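K.L.:
Got a structure here, written out as structure tokens. Questions coming.
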Amino acid sequence: MPQGEPLHWGGSIVSVRNEAERTVVEVLSYPLDADGRPDLAARPRGRFLVDHAGFLEPNEYRSGRALSVRGRLLGYQDGEVGGAPYRYPAVSGDQLKLWSIPASGRTPRVGVGVSGGSHGGGVGISIGF
């Protein structure tokens with residue numbers, strides 16, 4: 001992807017580092033679903049850094065929170081993950097969206113069933129996690 005290219009990425013926050021005029025967020029990347037929400041049940045796709053102008057509250061942008069980002073590719077930054085060299089794509093954090101996670105950590109699924117027959121019928125509703 002060329003530098004300056006617009007993008008929409010997301011994932012799970014690994015860490016947040018506030019500096020004098022900006023905040024750098026390290027994100028474990030996941031694919032986005034149709035709503036733009038990171039699919040944390042999928043396989044991670046690597047890591048990236050978000051460079052956001054201004055302060056982000058570390059308690060709100062804490063490790064494990066799902067985050068999606070709209071911005072542009074700024075380039076690449078060398079770093080480490082667990083002592084191993086890693087080359088991070090760096091993106092501008094123009095628009096950030098934090099996603100809430102259901103208590104179970106999974107998205108609830110709702111199902112509705114209707115049955116009929118000679119001895120009556122019924123309606124059933126199920127909610128699963």
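K.L.:
If you roll a 1.4 Å probe over segment 1-52 with all protein chains in place, what percent of the accessible area is carbon or sulfur? Each step should come with its number before you reach the end.
P.N.:
Details: 1280 of 2870 Å².
That share works out to 44 percent.
K.L.:
Next question. When the solvent-accessible surface of protein heavy atoms is calculated with a 1.4 angstrom probe, in what order do 76, 61 fall, highest first?
P.N.:
I get 76, 61, largest accessible area first.
K.L.:
Separate question: By the gyration tensor of its Cα atoms, with a ≥ b ≥ c the square roots of the eigenvalues, what is the shape of segment 1-75: rounded for a/c under 1.5, prolate for a/b over b/c, or oblate?
P.N.:
Oblate shape, in that a/c is at least 1.5 and b/c is the bigger or equal ratio.
K.L.:
So if we plug the beta-carbon distance of residue 60 and residue 20 into 1/(1 + (r/R0)^6) with R0 = 22 Å, what FRET efficiency do we get, rounded to 0.05?
P.N.:
According to the calculation, E is roughly 0.65.
The values are calculated or read from the model by the stated rules, or taken from the named source; none is laboratory data. Quantities reported herein were computed from a predicted structural model and do not represent experimental measurements. FYI the Cβ positions are ideal-geometry reconstructions off the backbone, even for glycines, and counts take in every protein chain you see. Accessible surface is based on the protein model in full, side chains and every heavy atom, while ligands, DNA and RNA are left aside. Shrake-Rupley method; radii C 1.70, N 1.55, O 1.52, S 1.80 Å.
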